[in-house]
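Peer 1: After the structure tokens below, expect a handful of questions from me.
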There are 2 protein chains.
Amino acid sequence: MSLIVLGTVALDNIKTPSGVRKNLLGGSAAHFSMAARLFTDVHLVAVVGEDFPKRYPTFLKNKGINLTSLQIASGGKTFRWHGEYKKEDFNTAVTLATELGVLSSLEAPAIADHQKHISNVFLANIDPDIQIGLLGLMKKPRLVGVDSMNLWIRHKKKSLLKLIKGVDLFVANDSEARMLTGEHNLIKSAKHLRSLGPKLIVIKKGEHGVLFYSDKTRFSFPAYPIETVVDPTGAGDTFAGGLMGYLCKAGKMDAKTLKTAVIYATTIASFNVEGFGMEKTDKLTLPVVRKRMKELLSFISY
Amino acid sequence: MSLIVLGTVALDNIKTPSGVRKNLLGGSAAHFSMAARLFTDVHLVAVVGEDFPKRYPTFLKNKGINLTSLQIASGGKTFRWHGEYKKEDFNTAVTLATELGVLSSLEAPAIADHQKHISNVFLANIDPDIQIGLLGLMKKPRLVGVDSMNLWIRHKKKSLLKLIKGVDLFVANDSEARMLTGEHNLIKSAKHLRSLGPKLIVIKKGEHGVLFYSDKTRFSFPAYPIETVVDPTGAGDTFAGGLMGYLCKAGKMDAKTLKTAVIYATTIASFNVEGFGMEKTDKLTLPVVRKRMKELLSFISY
């Protein structure tokens, strides 16, 4: 089954202890798509500016990602993020600058009529009002997932709460979960998130792995042990892409399927952090993922 | 097989979001023994002062803990720790005050001759020179484990490094592992610790669980999910007690045994944090532990 993802496509300037890179292809929808494409056909919905390098749409298309609704805003500038990670805390990005560019518009991008019938929808990190707008266009969504960030929790909490009330899956990192619920304890925080509407709660803890919470199923897995983290940008989006991609392909939601989805997502995200931007997810194939997944399973299995 | 543990027996004043308690029985060897007693007979080696309340040795004896070498220093005062935990970070204790009392002596307590033949030895957190002293008394140790703390890493690194060079098991929390090795990444840190001598490395990550590292076996498990942490004091010592206790009882060291030991240790430590001092480990029995262990396994198993 197809999957449609709304989010950002960005140009990233990134500094980590491993080096500095400029004008990398980034953004929540781009990283998400690079993982989800391993399982299903992905339709990407985003807006970029006229300055967006031609090589990037070519790159994404070559990965099989449908760009029908990648809109190029005439006269607009692509969203840019300048971030840094310090050796002592790879879990927290320090934002040095953001240039919103085309993202300052508050409308959901138009999508093609046939795309409105896609049943799996992921609203990756972007202004929740735009997420609500896109969701409103969908005819009969079967599985709807949402990701967000501290910025929207702080400034658009009302819209975000309205959005997540009716969705299936909410993905947050630990600090976002704590911020949104006011609960420091992650189990309490997950419970609280569940009470806000989403049926499936996934709390990402970076190097510490994942906590999954639903009425019936609760579990936690550690992350794949990475010795040299090069650039964690997009790891959360990559994780979400792997998770949603696998769930779309599986077409069911029992405990085993959910656990497998999380294990796939964890594994795919572990590749993302080993290179800048999409260096590592570029060449990724399912056999390569499954090989590392085996290692991960032996690392976490009793 | 018997187990001998050297460490502190203390009086703790503790403040947490759940309340304040004074003169609780605490200390590394006491918490360790409360867990290890579930699996094997435990000989406790420590020094207290004349002010040590009579009810505490009675309490420990009633748990089957051998106090032959719990020395009462005439004229001395029991080691006291005053600590606080904040809601936002239960993983880090804030030390408000310490009164060393009898711990200012730098000699290992004397032990009975028959105790020198005990083959399983745990050197719980105390001055590494005292740990070295006790180890020197042992006739033919089979399994030697060590725990330490930031204070000794900072001020007695040389002694600590000398001690751990020849031991089997080194247990550290994440911040201690990072401090001792200078490596922030925990896999690198574990590798580095291994290179310092100990064959088995256990890095405790509090609410995030445990990382185990040896030449042959590497694994990671999340912690048991606790919604209301009351007092984490002694959780690490309780963990170490469960780990060593199980390993002594099992009498072997294959991967399955090591994993089982870590799962037991994780489970037992989860009870410790649910009450002040030994409130919860007081009544603990193996059937109760095994019941929760089942829950933990369903929470972490793929």
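Derivation of every value follows stated rules applied to the coordinates shown; laboratory data play no part. This structure is a prediction, so every number in the text was calculated from the model and none was measured. Neighbour counts are summed over all protein chains in view; Cβ atoms, including those assigned to glycine, are modelled from backbone coordinates with ideal geometry.
Peer 1: Going 7 Å from Cα along the Cα-Cβ axis for the label, what nanometre distances separate B:Glu227 from the same residue across the other copies?
Peer 2: Sorted ascending, the copy-to-copy spacings read 4.2 nm.
Peer 1: How crowded by other chains is A:220-227, given as the mean number of beta carbons from other chains within 10 Å of each beta carbon?
Peer 2: Per residue, the average neighbour count from other chains is 6.
Peer 1: Given label points at 7 Å from Cα along Cα→Cβ, what nm distances, shortest first, separate B:Ser119 from the same residue in every other copy?
Peer 2: 6.3
Peer 1: For the range B:225-280 and the range A:69-105, compute the distance between their C-alpha centroids and round to whole Å.
Peer 2: Computed from Cα coordinates, the inter-centre distance equals 44 Å.
Peer 1: May I pose another question? At A:Phe59, with labels set 7 Å past Cα in the Cβ direction, how many nm apart are the copies from this one, shortest first?
Peer 2: So the label point of A:Phe59 gives 6.2 nm to the other copies.
Peer 1: Something else: Given the pairs B:Lys86/B:Lys252; A:Lys294/B:Lys291; B:Lys252/B:Lys283; A:Lys252/B:Lys249, which span a C-alpha to C-alpha distance of over 32 angstrom in this model?
Peer 2: Over 32 Å apart, Cα to Cα: B:Lys86/B:Lys252; A:Lys252/B:Lys249.
Peer 1: Scan chain B for the residue whose Cβ is closest to the axis carrying it onto chain A, then write down that distance in whole angstrom.
Peer 2: B:His208, 2
Peer 1: Okay, next question. Out of A:Gly241, A:Gly136, A:Gly209, any idea which swings most in a Gaussian network model of chain A, alpha carbons joined below 10 Å?
Peer 2: In this elastic network of chain A, the residue with the biggest mean-square fluctuation among A:Gly241, A:Gly136, A:Gly209 is A:Gly136.
Peer 1: Loop sites only, by DSSP: take the GluC sites (Glu not before Pro) in chain B that have at most 14 other C-beta atoms within 10 Å and name the longest stretch containing none of them.
Peer 2: B:108-226
Peer 1: Between the range B:3-31 and the range B:167-186, how many Å separate their Cα centres?
Peer 2: 23 Å
Peer 1: Return the single residue from B:Ile72, B:Ile203, B:Ile226 with maximal mean-square fluctuation; model: Gaussian network over chain B, springs between Cα atoms under 10 Å.
Peer 2: Judging by the Gaussian network model, the answer is B:Ile226.
Peer 1: For chain B, with the dipole built from +1 on Lys and Arg beta-carbon atoms and -1 on Asp and Glu ones, taken about the Cα centre, which of B:Ser301, B:Val20, B:Ser69 lies farthest toward the positive end?
Peer 2: Going by the charge dipole, the pick is B:Ser301.
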